[in-house]
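These notes are about the structure you will find just below.
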Amino acid sequence: MPTLTASRPLPAEASRPIDTIPITLTVNGSVRRLQVEPWTTLLDLLRDKLDLTGTKKGCDHGQCGACTVLIDGRRINSCLTLAVVRDGCAITTIEGMATGADLHPLQAAFIEHDAFQCGYCTPGQICSAQGLINEGRATSRDDVRELMSGNLCRCGAYTNITDAVMDVLQAEPAR
Amino acid sequence: MNRFDYARAGSLAEALRDGAGDDARYLAGGTNLIDLMKENVERPLRIVDINRLDLHGATELDDGGLRLGALMTNAETAYHPQVEQRFPLLASAILAGASPQLRNAATNGGNLNQRTRCYYFYDTATPCNKRDPGTGCGAIGGVNRIHAILGASPSCIATHPSDMCIALAALGAQVQVTGPEGDRTIAFADYHRLPGDEPWRDNTLRAGELVTGIDLPPDDFTSHYTYLKLRDRLSYAFALVSVAVAMKLEDGRIADARIALGGVAHKPWRRVEAEDTIRNQAPSTQAFETAASALLAGAIGQGENDFKVALARKAVVRALGQAAAGTPQSQIDKRVA
Ligand SMILES: Cc1cc2nc3c(=O)[nH]c(=O)nc-3n(C[C@H](O)[C@H](O)[C@H](O)COP(=O)(O)OP(=O)(O)OC[C@H]3O[C@@H](n4cnc5c(N)ncnc54)[C@H](O)[C@@H]3O)c2cc1C
Ligand code: SF4
Ligand code: FES
Ligand code: FES
């Protein structure tokens, strides 16, 4: 049985039964009731259990930003958070950015500015850029460069990524 | 990651009950603990999720100071209007650290309690007295570019990696703690410790204790302060050397100066004797060099980090100049003025 308050004695690690814990997440607008093992990261849950493989695993250690998603509108690294801790939250991934067939303005701007080569960092870049817009702290190019520094791009598309983000920032002033 | 029991604390009493014992760990933002669990450096059998505790806000104190909840995120803290207006040194230091995503998850209590970034501490195939007491120190005579030049011991030369804590040391913050034996207040200078012959102890928190808040004294350092961080790339990298300065000038003389160094020791490095050398002096490069010498007296490199001794000296002089001139280092435009 799942336990949320563990006052029972600690079993030996090797022989531990796998307890799962019920959680509810709103993922890209739909409510998902899930049973998760407590050691499942949000990133692994999204990719392996929910088949939302748009969110990428680059380093799995908070060092690259490829796994960036929005939790209640705020950008975080999904590789360094346990799914069970986020029980009750609303998660937005790259799959939730477009509206039907209409691309999100950031998606359109990334295409317009050729802001990628291999595309592996792109879902994280776009979610991060939406988080940056939500935060309302960036106005200049220097601001965007500094406040997008949590997203690495091995292909070095930084100049075009900055252009794309600036376009959307200027079209949609800080909330 | 090893398997563990998950407990979600609904109250401080539940947290303290479930957090008792060597095999339990409190989980806040998770950006350090989960990382270390993936490396098998941390193998807790019980995780106590403290995120539902009511420690998320900032409250004004009777003495005019400000209490920061242990579970406020680093981003919420840096962008809090009271922190921006009254404690810009703290805001600046936080924004110099990690990335926006990490700052959105990382909490104030977790930042204080984050572990060293020593490569050997992270690599379970190598000896490390901090991780496995008695096995030796891989960094002594090894790869030690990021290691300590002050306060190190023959058993450990690790540094504390936080930026936020360097500002808190300069501001003279106090750490509020609760535990099985009740509440207590720890002066920031006494919170982190030098490694000595017990390098596995990063700080003076006792078993089962929980940080509930950080108190900022009301002193006004809004005109003369700076946080200068030097590192291998301009953003999203830990400090090789960092300097927090909080200063008060009266009639062109230094009435109060606090200087804390990051990246150089097992704890934020302050020496009141160094600060005393410039009290009542007019700001000058010569006075700042005297203070830097006093602050760095006894500094010694470990080989790959020898450069830090000269770098720290120059950084202190530069930072004191920035603070005295009222031109704090920008965390956006990284040019050093
Ligand atoms: C890639 C990367 C780059 C980074 N760069 C920087 C940088 O440049 N500068 C910088 O300063 N930091 C940097 N960090 C570190 C980051 O600031 C810390 O990981 C973060 O502050 C830890 O907070 P948390 O809430 O996530 O802690 P957690 O990971 O939840 O906890 C860390 C430790 O603190 C303990 N703990 C947490 N809360 C409490 C409490 N209230 N009472 C008692 N114990 C508690 C936990 O048990 C655990 O041992 C970086 C991290 C990463 C991954
Ligand atoms: S410096 Fe400290 S943390 Fe690093 S290997 Fe030596 S004992 Fe371990
Ligand atoms: S995969 Fe999460 S930051 Fe790299
Ligand atoms: S486009 Fe290839 S990593 Fe950014």
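Taking the protein assembly as shown, how much of its Cα-Cα pair set, in percent, is spaced more than 32 angstrom apart?
On the way: 57045 of 130816 pairs.
Within the protein assembly as shown, distances greater than 32 Å cover 44 percent of Cα pairs.
What the stretch B:233-319 shows is 43 Å² of accessible area per residue, with the surface traced by a 1.4 Å probe over protein heavy atoms. Compactness check for the stretch A:17-96: Cα Rg over 2.2 N^0.38 Å is 0.99.
Along its first, second and third principal axes, ordered by size, chain A spans 56, 30, 27 Å in Cα coordinates. Legend: Rg and Dmax of the stretch B:5-51, from Cα coordinates, 10.3, 31 Å.
Based on alpha carbons, the Rg and Dmax found for the stretch B:43-173 are 17.3, 51 Å. Annotation: amide H-H contacts under 5 Å for B:Gly57 (H modelled 1.01 Å from N, sequence separation of 5 or more, or interchain): B:Gly69. Amide hydrogen proximity for A:Cys89: with H placed 1.01 Å from N in the peptide plane, the residues at 5 or more positions away or on another chain lying under 5 Å are A:Thr26. Interface size, chains A and B: roughly 4000 Å² of accessible area buried, both sides included, 1.4 Å probe, rounded to the nearest 100. Solvent-accessible area of the stretch B:165-240 (1.4 angstrom probe, protein heavy atoms only): carbon and sulfur portion equals 48 percent.
Taking a temperature of 20 °C and a viscosity of 1.002 mPa s, what whole-number D in µm²/s does Stokes-Einstein yield for chain B with Rh from Kirkwood over alpha carbon pairs? It would help to have the intermediate numbers written out before the result.
Values: Rh = 20.3 Å.
The Stokes-Einstein estimate is 106 µm²/s.
When only Cα pairs under 8 Å and 6 or more residues apart are kept, what is the percent relative contact order across chain B?
Numbers: 768 pairs, mean separation 56.9, N = 337.
Over chain B, the number comes to 17 percent.
Normalising the Debye intensity of the stretch A:85-144 to I(0), with uniform scatterers on Cα atoms only, and taking log10 at q = 0.18, 0.25, 0.27, 0.29 Å⁻¹ returns -0.75, -1.20, -1.27, -1.32.
Both numbers refer to the Cα atoms of the stretch B:224-325; Rg and Dmax are 13.2, 44 Å.
Three semi-axes describe the equivalent ellipsoid of the stretch B:180-251; taken as square roots of 5 times the Cα gyration tensor eigenvalues and ordered largest first, they are 29, 22, 12 Å. With all protein chains kept in place, the per residue accessible area of the stretch A:119-175 amounts to 43 square angstrom at a probe of 1.4 angstrom.
The values are calculated or read from the model by the stated rules, or taken from the named source; none is laboratory data. Just so we're clear, the structure is a prediction, and the values are computed from it rather than from any experiment. Side chains included, ligands, DNA and RNA excluded: accessible areas come from the protein's heavy atoms. Shrake-Rupley method; radii C 1.70, N 1.55, O 1.52, S 1.80 Å.
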